[in-house]
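Structure first, commentary second.
The values are calculated or read from the model by the stated rules, or taken from the named source; none is laboratory data. What you see is a predicted model; the values in this text were computed from it and never measured. Methodologically, a virtual Cβ is constructed for each residue, glycine included, from the backbone with ideal geometry; neighbour enumeration extends over all protein chains shown. Side chains are part of the model used for accessible areas, which takes the heavy atoms of the whole protein and leaves out ligands, DNA and RNA. Shrake-Rupley method; radii C 1.70, N 1.55, O 1.52, S 1.80 Å.
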Amino acid sequence: MLRVLTLSTLFPDANRPAFGVFVERQVLALAARDDIAVEVVAPVGLPPWPLTLHPHYRPRARLKRREEWKGLVVHRPRFPAFPVVGGGAAAKRLQAILPVLREIRERFPFDVIDAEFFWPDGVAAAGFAKALGVPVSIKARGSDIDHWGRQSAAGPQIVAAAAAADGLLAVSEALRERMSALGIDREKVAVHRTGVDAERFRPCDRDAAKAALGMKGPLVVSAGALIPVKGQRLALAAIAQLPEASLIFVGDGPDRLALEALTETMGLGERVRFLGVQPHEALPALLGAADVLLHTAEREGLANVWVEALACGTPIVVTETGAAHEVVDRPEAGRIVARDAAAIAAALRELLASPPPQDKVRAAAGRFSWERNGAELFAHLERVSSQRH
């Protein structure tokens, strides 16, 4: 029986059920095996009192410190977070939860630490592993390398943690190469792709799905946090060039008010809807209704929503970023375009005019499954554990 402690600051809770849902799905796939036991530590960053009374932090402060979440034992220890301070000290502050890990280990003597994001989780996990005398694996997902890895304070800590780790994972070949460019040993990194629930995400009657949303005609969906790096302004500029099409934004974030104002300024109010954050269970219907999923991010690892859209028979238009070429590996899967409104509009126009058959689009997602993801992660963690022990 392999005992695993998964460490992730990206993990859902009662207030944010869709936050880090890709980590949750991965852990559930791993825990479904008979030859493994898994517990999760999902640290909660909180500022000093009385800032915890602020509406932004109050729901987090009320979270249970230990609970059962979809059959998983999840610990939510607190660590100090200071919003106005730079991110360079984040991993050091996360070290505050080490006493909690020691308590957990007395009852649950885990064989390996599975850190699910490089910053600050992975850097802190390397310290935990040294203090507790257990091996550690760290997974890179995208922005932890592409953004934090290039910061003067965080970057060297990430490279040092990678050197100290017993095993490394990346969500794509492309990310593996970018890790190498930072100075991380490429041969130490294994590629571990995401999964998809092919029973939940599957083709449907697209017209009926649109009607359920009160919509008709060509429909483009964009899903993700509303932040500048995701490039939703490009999505608006592209849809403005397609007067017959509508656009739905799924997600929320600090850019929402500005995007809503821009929508009105551009005269797109009748054709653009902002749905806000939606539960993961609502995504199959939204992606199934869409003729195209549009993703305009400046940087990305391998977005789960790309694969989920393909499983629904919905082609994707993604900008040249991350693992785009590893997912859009055939014409039926969609198009990869420059981060340019005219190029995006042209790709959308082509797919809307001649949509590929849903079954051929879905076939592009056949390489991705949570069962495969869980099996590969188990093999990796077992290898990391056995090498050390």
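Rounded, prolate or oblate: pick one for the range 313-366, where a ≥ b ≥ c are the square roots of the eigenvalues of its C-alpha gyration tensor, a/c under 1.5 means rounded, and failing that, prolate if a/b is larger than b/c, else oblate. Walk me through the numbers before you get to the answer.
On the way: a/c = 3.21, a/b = 1.24, b/c = 2.59.
Judged from the Cα gyration tensor, the range 313-366 comes out oblate (a/c at least 1.5, b/c at or above a/b).
What number results when the radius of gyration of the range 139-181, computed over Cα atoms, is divided by 2.2 N^0.38 Å?
Details: Rg = 9.6 Å, N = 43, 2.2 N^0.38 = 9.2 Å.
Output field value: 1.04.
If you scale each eigenvalue of the Cα gyration tensor by 5 and take the root, what three semi-axes come out for the range 63-168, rounded to whole angstrom and sorted largest first? Don't skip to the end; give the middle numbers.
Working: eigenvalues 106, 57, 34 Å².
Its equivalent ellipsoid spans semi-axes of 23, 17, 13 Å.
Indicate the gyration tensor shape class of the range 165-243 (rounded, prolate or oblate), computed on the Cα atoms with a ≥ b ≥ c the square roots of the eigenvalues: a/c under 1.5 is rounded; otherwise a/b larger than b/c is prolate and the rest oblate.
oblate
If you count the DSSP beta bridges with both ends in the range 214-285, what percent of them are antiparallel, to the nearest 5?
Numbers: 1 of 10 bridges.
Expressed as a percentage, antiparallel bridges in the range 214-285 total about 10.
What is the distance in Å between the Cα centres of the range 165-205 and the range 9-38?
The two parts, judged by their Cα centres, are 17 Å apart.
Taking every DSSP beta bridge that has both residues in the chain, what percent is antiparallel when rounded to the nearest 5?
Details: 5 of 49 bridges.
So the antiparallel bridges amount to about 10 percent of the total.
Determine by what factor the alpha-carbon radius of gyration of the range 336-375 differs from 2.2 N^0.38 Å, reporting the quotient.
Values: Rg = 14.8 Å, N = 40, 2.2 N^0.38 = 8.9 Å.
In units of the 2.2 N^0.38 Å rule of thumb, it is 1.65.
In whole percent, and with a 1.4 Å probe on the protein chains, what portion of the accessible area of the range 126-209 is carbon and sulfur? Each step should come with its number before you reach the end.
Working: 1640 of 3360 Å².
Of the solvent-accessible surface of the range 126-209, carbon and sulfur hold 49 percent.
Would you tally the net charge around Leu219, using a Cβ to Cβ cut-off of less than 15 Å, leaving Leu219 out, and scoring K and R as +1, D and E as -1? Walk me through the numbers on the way to the answer.
On the way: positive: Arg206, Lys210, Lys216, Arg271, Arg273, Arg349; negative: Asp205, Asp207, Glu244, Glu270, Asp291.
That sum, taken over residues with Cβ under 15 Å, equals +1.
Rank these residues by their accessible area, most exposed first, probe 1.4 Å: His192, His54, His147.
On the way: His192 5, His54 100, His147 60 Å².
Sorted descending by solvent-accessible area, the residues read His54, His147, His192.
With a 1.4 Å probe and all protein chains kept in place, how much accessible area does Leu268 have, in Å² rounded to the nearest 10?
Approximately 10 Å² of Leu268 is accessible to the 1.4 Å probe.
Express the accessible area of the range 23-176 per residue in Å², computed with a 1.4 Å probe while the remaining protein chains stay in the model. Each step should come with its number before you reach the end.
Working: 6340 Å² over 154 residues.
That works out to 41 Å² for each residue.
Could you work out the helix-only [θ] at 222 nm for the chain, with each DSSP H run of four or more residues adding -39,500 (n - 2.57) and the total divided by the number of residues, to the nearest 500 deg cm²/dmol?
Working: 17 runs with 147 residues, N = 389.
It comes out at -10500 deg cm²/dmol, rounded to the nearest 500.
Hey, what does the equivalent ellipsoid look like for the range 9-96, semi-axes from the Cα gyration tensor as sqrt of 5 times each eigenvalue, largest first, whole Å?
They are 26, 14, 11 Å, listed largest first.
What accessible area, in Å² to the nearest ten, does a 1.4 Å probe give for Thr265?
Accessible area of Thr265: about 120 Å².
So what is log10(I(q)/I(0)) for the range 269-389 at q = 0.19 1/Å, when the Debye sum runs over its Cα atoms only?
For the range 269-389 at q = 0.19 Å⁻¹, log10 I(q)/I(0) is -1.07.
Can you send over the carbon and sulfur percentage of the accessible area for the range 246-293, probe radius 1.4 Å, protein chains only?
Solvent-exposed carbon and sulfur of the range 246-293 make up 56 percent of the total.
Skip the ligands, DNA and RNA, and give the accessible area per residue of the range 295-370 with a 1.4 Å probe, whole Å². Walk me through the numbers on the way to the answer.
Numbers: 2630 Å² over 76 residues.
Ligands and nucleic acids excluded, the result is 35 Å² per residue.
Determine the shape class of the range 88-127: with a ≥ b ≥ c the square roots of the Cα gyration tensor eigenvalues, call it rounded for a/c under 1.5, and otherwise prolate if a/b is greater than b/c, oblate otherwise.
Details: a/c = 3.58, a/b = 1.60, b/c = 2.23.
Oblate is the answer for the range 88-127, as a/c is 1.5 or above yet b/c matches or exceeds a/b.
Along its principal axes, what span do the Cα atoms of the chain show, with the longest given first and each in whole Å?
61, 46, 39
If each residue of separation counts as 0.36 nm, what is the full-extension length gain between Ala14 and Arg107 once their alpha-carbon separation is subtracted? Please list the in-between numbers first.
Numbers: separation 93, 0.36 × 93 = 33.48 nm, distance 2.57 nm.
Gain on stretching Ala14 to Arg107: 30.9 nm.
Would you please give the residues with an amide H less than 5 Å from that of Thr319, counting only those at least 5 places away or on a separate chain, with H modeled from the backbone geometry?
His295, Ala297, Val337
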